[in-house]
1. Roughly how large, in nm² to one decimal, is the mean projection of the convex hull of the alpha-carbon atoms in the chain?
2. Let me know the number of lysine pairs in the stretch 3-89 closer than 24 Å at the Cα, not counting same-chain pairs under 8 apart.
3. Separation between the Leu28 and Glu56 pseudo-spin-labels, each 7 Å from Cα along Cα→Cβ, expressed in nm?
4. Starting with the highest mean, order 79-88, 11-20 by the number of other Cβ atoms within 10 Å, averaged over the residues of each peptide.
5. Obtain the nm distance between the two label points defined at Ala16 and Met41 by a simple spin-label model: each point lies 7 Å from its Cα along the Cα-to-C-beta direction.
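Every read-out reported here was derived from the displayed coordinates using simple, explicitly stated rules and does not represent laboratory data. This structure is a prediction, so every number in the text was calculated from the model and none was measured. FYI the Cβ positions are ideal-geometry reconstructions off the backbone, even for glycines, and counts take in every protein chain you see.
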Amino acid sequence: MTEDQNAEIEIGKHRAVIDSLDEQIVALLNKRATESLAIRMLKPQAQMGLYDPKREEEIFTRLEALNDGPMYNDDVREIYATILKVMKEIRA
């Protein structure tokens, strides 16, 4: 087997892992959305506004503490800023 063929096989294996991870990420994002919606429904009863910048900063700080790379903290923050934006826009 040639080096090119070995590389293609290895790429295929890595892509299969990525596909599996993507499936898990989508499932987890939907679970997160369900929890976000539940919180949104409870906030009026708790006399809380829908947007809580302090909580968002707590999330970013916690995620940065969990991040052990290879992604940079700024990358994690950017991804989660988008996730949080989408979560705020989701309708039940």
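1. The directionally averaged projection comes out at 7.9 nm².
2. Pairs that pass both the separation and distance tests number 9.
3. Placing both labels 7 Å along Cα→Cβ, they lie 2.2 nm apart.
4. 79-88, 11-20
5. 4.1
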